[in-house]
Amino acid sequence: MLALQKSKQWMTLRAKKLKEDICMLFKSSNDTVVKMSLVDKLQHLGIDHLFEDQIDTAMWQILKSEFSNYNLYEVALRFRLLREHGYCVSPDVFNRFKSEDGSFINGNGSLKTPLAQQVQRALQIPMPRTNKRVEMLHYILEYEQEEHNPILLELAKLDFNLQQNVHLKELKAIIRWWKHFLGYIELSFIRDRVVEGYTWASVLYYDTKFELTRSMITKMIVLITTLDDIYDNHATLEDSWKLHEAIQRWDKSAAFLLPEYLKKFYMEMLRTFENIEAEMLANTNYDIAHLKKAVQNNVTGYLQEAKWSHRNHKPSFVDQVKLTSLNIGVPTICVSMMAGMSDAMMKTALKWAASVPDVVISVGKISRFMNDIGAFERRKCKGDMASTVECYINEYNVTSEVAITKTVALIEHEWKTLNQARFQNHLPALQQFISLAISTTFFYGNRNDIYTG
């Protein structure tokens, strides 16, 4: 244990020295292309979070600097970086690389590894929608094979190892909490998704300073999953009404409303929120009342689904999407994510997230559509309420492939909404909502459903 502690201390000190060296790289060059390349490498290596101020300054300088270049790579790099950082750059910069019919002029030569692998990944998932942590795992190995800056590579490896140490410690603690929770509530039909929940939280907030935020997001994910399982798989319509009423009251005295098998769950849920509130009050100015309200709204949606299911009601595709894109839990998770905002921004960000703005609805739709595509085959055999894909098939009398193609098009439409929001709203919270949309690809991409199983 002592040797491990010394190792952590050495890694921390070494990482600090490397960060200072990289800060000097920002200061030592006025070349726009060099700065763009540095920012791009830091992002790919997953260490851009260590240089937020330097990158913000560099991006402003890149925007304002003279740039007249006939190299497609450099023009494309500048365009992508500025767009990613919320600057509205015209796509007209690519006109010089297009033929008269509007298509790009073919270049000569072939791509070599690892560049070919990077291009292949970008063709599967566009770079702005790529999960940083997943890309980083690929890119560290690839960057080592290229002509590279050893300082950047060493810091990326050290930062990853330091974060892994923290994440593993947190995961052990959250698993202990979850085992106690499951053991106390005694509901055997509940899915055990605590590891997946923590993975999701650590993808959204991976910096070591966000321990409380990761813990709260994880707990919200598994609580939403638990509520979903109760409403979907076990509760009668009468039980669903009673649980809804108790959660709207949000008071221990409301436990008498519930059937015996739900009383322990209800009490433990309230206790979990009490503990979260105590942690937040001790460390931040996060107002947990917004989170309680988000859960109450979530449960109201679950009750509506339960009524549809028990009454064999088949909603229209539009009504189905409107309800289930919120029921997937995105508004609740977005509110919990605001615990990671700075104290100066938290009140504004939390109020905005709790209002369920259009961007949160778009993230909910992306998550719902990707979830339903990934779970389509499983849901056909499950017996719960029809997914959006099945609803579209039934309403428009089309094949599953036609329905999935339409759903993919709707996902693209919602991404356009999010991309437009980047340029209209520079609140830090917006990027967190976009990160949540990006994270759905990790669990539901390629028509898979890793989370539900």
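Points worth noting:
- With the simple model of a label 7 Å out from the Cα in the direction of the Cβ, Thr300 to Glu52 spans 3.3 nm.
- Per residue, the average separation of C-alpha pairs within less than 8 Å and at least 6 apart gives region 238-357 a relative contact order of 27 percent.
- About the centre of its Cα atoms, region 117-260 shows a dipole size close to 300 debye [charges on the beta carbon of Lys, Arg (+1) and Asp, Glu (-1) only; nearest 20 debye].
- For region 355-369, putting each phi into the Karplus relation 6.51 cos²θ - 1.76 cosθ + 1.60 with θ = phi - 60° gives couplings of 6, 6, x, 4, 5, 5, 4, 5, 4, x, 5, 4, 5, 5, 5 Hz, in residue order, rounded to whole numbers and with x for Gly and Pro.
- Other residues with beta-carbon under 11 Å from the beta-carbon of Met127 carry, at +1 per Lys or Arg and -1 per Asp or Glu, a net charge of +2.
- Counting every C-alpha pair in the chain, the share spaced more than 40 angstrom apart comes to 25%.
- Shape analysis of region 11-169 based on the Cα gyration tensor places the equivalent ellipsoid semi-axes at 29, 20, 14 Å, largest first.
- Cβ-based net charge around Tyr73, under 13 Å, with every Lys or Arg adding one and every Asp or Glu removing one: 0
No value in this document is a laboratory result; all are computed from the given coordinates. What you see is a predicted model, and the numbers here were worked out from it, not measured in a lab. Every residue, glycine as well, gets a Cβ built from its backbone with ideal geometry; the counts of neighbours run over all protein chains shown.
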